[in-house]
Amino acid sequence: MLDLDKFHRQESARILSTLIGLLGDFDLAEESLQEAYAAALERWPAEGTPRNPRAWMISTARHKAIDRLRRSRRFQQKSEQLLRSTAAVEPGSQLEDAMFPDDRLRLIFTCCHPALDDQAQVALTLRSVCGMTTEEISRAFLVPPATMAQRLVRAKRKIREAGIPYREPAPQDLPDRLEEVLLVLYLIFNEGYLASSGDALVRRELCREAIRLARFVCELLPEQVEAQALLGLMLLHDSRRDARVNASGELVLLEEQNRALWDQQEIREGCACVELALRRGARGIYALEGSIAAVHASAPTPKGTDWTQIVGLYDALLQSHPSPVVEVNRAVAVAMAHSPEAGLVLLDEIAGRGELWEFHLLPAARADLLRRLGRTREALEAYRKALELTANDVERRFLRARIAQLSLSKNSA
């Protein structure tokens, strides 16, 4: 008997993306898939697991969609499209033999539709095709969950009311959609690399999926240098995965990581990707972030890190892609290159503007610099604020440990 929970974790996003392509309606696809899962829970234990569970789920959801449409005025509009989609649910059909080497990548390109604004394209794709929750997406965009939920509703409404066709883009249309597609992959990887919630710091399945899809993009559009840079950036970050938590699953900071655990093969490939992209003229966000990651990866020890070069790269990144997150990362680099005091001044300027007030990144960075400066009371306040804002269990345990250590040292003083 198939483990339906495991099947859901592994296949639900892929199935949903296929249904969106077949039905052209996000809400209808989600509702029909839920009904298909309910049918599977009822029928599979009694009848046995189908030979092709994924195809069964798609076919069942499609029939559920037809039943829903028959009860609405939309049936006549959708009927021809649904009849044409019959062959697409069969294994080996044209749905999987199209221009794209991967079904999910095809749907990502399809859902990054230019009729929507950039953020709506990316957010809706992350929610419907990649299976990320509204809360995860909201943290990726640094907005409250309620705000992101409203954006998703508005985007779906616009698609439905404007009759936006969700068709596979032609080859000549792919470069125009690439920026949003790369951002989708970047945010998938980021959620995997530093999970916004849950009991694991790293969600390796998301990191692997983002890297896999990035490789496909590089094959599909070999002339696009930012895609190559993004692949290199992902590989360089992923190379540190085994060193980022200890045997007990606790967080290990970059400066304390055992660099012998870093994946040298990934580092070599990642550096090669970034260097190739730079030689071919890449100067975008992924090329710059990839260059920063390459500097970290090439340092034999924490003290051997060229922090001055990293500050220069953050200066370039801040000029071309300004954001408070980049400012925070640059401030930390300044602290390492020059002094904790210099970094703290920059962080306090960001805090004074009221930015990132709902996210733990800023108070966590301030807490660390305050701790280094021996300003224990202020560091404890900042650590407690960061603890209040993070939902990841591994980070919460790390912050609690820091608070306990500082409280002990404060009481002993």
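The values are calculated or read from the model by the stated rules, or taken from the named source; none is laboratory data. Only a predicted model underlies this, so the values are computations on that prediction, with no experimental measurement involved. Neighbour counts are summed over all protein chains in view; Cβ atoms, including those assigned to glycine, are modelled from backbone coordinates with ideal geometry.
State the number of residues belonging to region 166-205 that are free of Cβ contacts under 8 Å to residues at least 24 places away in the same chain, among the polar types (S, T, N, Q) and either in contact with a Cys (Cβ under 7 Å, 6 or more places away or on another chain) or not in a helix (DSSP H, G or I) (or both).
Total satisfying the criteria: 0.
When only residues in region 381-402 that are assigned to a helix (DSSP H, G or I) and touching a His at 6+ places or on another chain (Cβ under 6 Å) count, which is modelled with the lowest pLDDT?
Taking region 381-402 first, the residues assigned to a helix (DSSP H, G or I) are 381-389, 393-402.
From the residues that got through so far, the ones that are touching a His at 6+ places or on another chain (Cβ under 6 Å) too are 386, 389.
Details: Ala386: 95, Leu389: 92.
Out of the qualifying residues, it is Leu389.
Name every residue in region 143-167 that is surrounded by 15 or more Cβ atoms within 10 Å (Cβ to Cβ) and within 14 Å of Cys112 (Cβ to Cβ), in order of residue number.
Passing the criteria: Ala155, Ile159, Ile164, Tyr166.
Can you pull out the helices (runs of 4 or more DSSP H) entirely within region 289-366 that have at least 1 residues that are in contact with a Phe, Trp or Tyr (Cβ under 7 Å, 6 or more places away or on another chain), of a type outside the set (Val, Ile, Thr) and crowded, with 18+ Cβ neighbours inside 10 Å? Spell out the reasoning first.
Values: elements: 307-320, 324-337, 340-352.
Result: 324-337.
Where residues in region 1-59 are under 30 Å from Gly163 (Cα atoms) and acidic (Asp, Glu), which of them is nearest to the chain's Cα centre (by Cα)?
Glu11
For region 374-396, enumerate the residues that are within 14 Å of Gly198 (Cα to Cα) and loosely packed, with under 15 Cβ neighbours inside 10 Å.
Ala391
When you scan region 318-325, do you find a residue that is closer than 27 Å to Asp263 by Cβ and in contact (Cβ under 8 Å) with a residue 40 or more places away in the chain, even just one? First the steps, then the outcome.
Let us first name the residues in region 318-325 that are closer than 27 Å to Asp263 by Cβ, namely 325.
Filter once more, so that each one left must be in contact (Cβ under 8 Å) with a residue 40 or more places away in the chain: 325.
Yes: region 318-325 contains one or more residues that are closer than 27 Å to Asp263 by Cβ and in contact (Cβ under 8 Å) with a residue 40 or more places away in the chain.
Name every residue in region 12-42 that is of a type in the set (D, E, K, R) and exposed (fewer than 14 other Cβ atoms within 10 Å of the Cβ), in order of residue number.
Taking region 12-42 first, the residues of a type in the set (D, E, K, R) are 14, 25, 27, 30-31, 35, 42.
Residue satisfying the conditions is Glu42 alone.
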